[in-house]
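Report on one structure; see the data block that follows.
The values are calculated or read from the model by the stated rules, or taken from the named source; none is laboratory data. Note that the structure is a prediction, hence the values are computed from the model and not measured. Methodologically, a virtual Cβ is constructed for each residue, glycine included, from the backbone with ideal geometry; neighbour enumeration extends over all protein chains shown.
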Amino acid sequence: MKKVLTVLALGATLGFGAPIDGYMQSLANEAKKADSSFKGFDAARGKQIFTSEHIGKKGQNISCASCHTNDLKQSGKNTFTAKVIDPLSPKVNKERLVDAKNVEKWLKRNFNDVYKREGTAVEKGDVLTYIKNY
Amino acid sequence: MKKILISAAVGILLSGVSLFGAENKSVEKVYQKECGSCHMAYQPQFLPQRSWNKMMKNLDNHFEVDASLDANDNKMILAYLTSNAGDVKASNKHFSKMSNSIASSETPLRISQTPYFLKEHRGIPKRLIEQKEVKSLANCSACHTSATQGNYSERAIKIPNYGRWED
């Protein structure tokens, strides 16, 4: 039986498109470890992270909303290349927040692009909470 | 026992699908997804192998944008780019002219700064390039309506707020 569970667990771990909940739980664990007073992620803090402007990697003043717009249910546009970006809200775009590997990749990239550093566990969880509930 | 075997089979199947899924999907699809999210997935023939090797080593700072990939995806995409690069494969006259215009001592990273590209685009007014529908010469498909299919013929050019372009 133990073997079966191991095999099943392996299947789930390696699974493409692993649900985002597991990833958010691991961010929550990390946040709790860094600060025992951590109470949970917050969409309002996430909104602040998403909409506030910073001098980004290109030396220009940008925010996440510069490309994704302030309305996450609408398409955005890459402010440097003019490429259309599909809406971020999973309520209108079923492909959003379904693949943890993809989500992690974009959080790393886009935090670097806007904040010139990677996000902390709390920041990443807050932004995801904002997007998820938008 | 039967139940165990079925569970095990499902487990193996699941892990198998995810392990080999990426290979089943054509590598080109991965390239389209990973590189085409931010800009047109330029045909690999635009640049020589040495350019792609250099490009893919520095994705953390890809024209001042973080475009980093995990090691496996990077390796897979690099293999696709180098096996279809301009110095090994040029399927039409534009790609071979482009490839021939690049000196062997050069390792360009910007397609838009290669000699043939510059020559072909030199007559275009700045305002048509900088307008919001285009933004820069890197946005091929803004004017080359069949760019994603690798067709850069003059007939397929339509510049926003201008129209057809003839030399």
- Item | Residue count for the range B:147-166, restricted to those that are surrounded by 13 or more Cβ atoms within 10 Å (Cβ to Cβ) and within 16 Å of residue B:132 (Cα to Cα) | 3
- With B:68, B:37 as the choices, which residue is touching a His at 6+ places or on another chain (Cβ under 9 Å) and free of Cβ contacts under 8 Å to residues at least 40 places away in the same chain? B:68
- Message: at pLDDT below 95, over 17 Å from the mean Cα position of the chain (by Cα), surrounded by 16 or more Cβ atoms within 10 Å (Cβ to Cβ) and of a type outside the set (Lys, Arg): is that true of residue B:15 in this structure?
- Response: yes
- Task: Kindly indicate the residue of the range B:60-78 that is part of a helix (DSSP H, G or I) and in contact with a helix residue (DSSP H, G or I) (Cβ under 7 Å, 6 or more places away or on another chain) and also surrounded by the fewest Cβ atoms within 10 Å (Cβ to Cβ) among those meeting that condition.
- Result: B:74
- In the range A:90-109, the residues that are under 15 Å from residue A:72 (Cβ atoms), surrounded by 19 or more Cβ atoms within 10 Å (Cβ to Cβ) and not aliphatic (A, V, I, L, M): A:96
- Message: Looking only at the range A:29-43, filter to residues that are small (Gly, Ala, Ser) and closer than 17 Å to residue A:133 by Cα; which one of those is surrounded by the fewest Cβ atoms within 10 Å (Cβ to Cβ)?
- Response: A:40
- Would you check if there is a residue in the range A:51-69 being among the aliphatic types (A, V, I, L, M), closer than 13 Å to residue A:128 by Cα and buried (at least 17 other Cβ atoms within 10 Å of the Cβ)? no
- Message: Name the single residue that is nearest to the chain's Cα centre (by Cα) among those in the range B:109-138 being free of Cβ contacts under 8 Å to residues at least 24 places away in the same chain and within 13 Å of chain A (Cβ to nearest Cβ).
- Response: B:135
- Is one or more of the residues making up the range B:94-108 among the polar types (S, T, N, Q), touching a helix residue (DSSP H, G or I) at 6+ places or on another chain (Cβ under 8 Å), at pLDDT below 95 and surrounded by 15 or more Cβ atoms within 10 Å (Cβ to Cβ)? yes
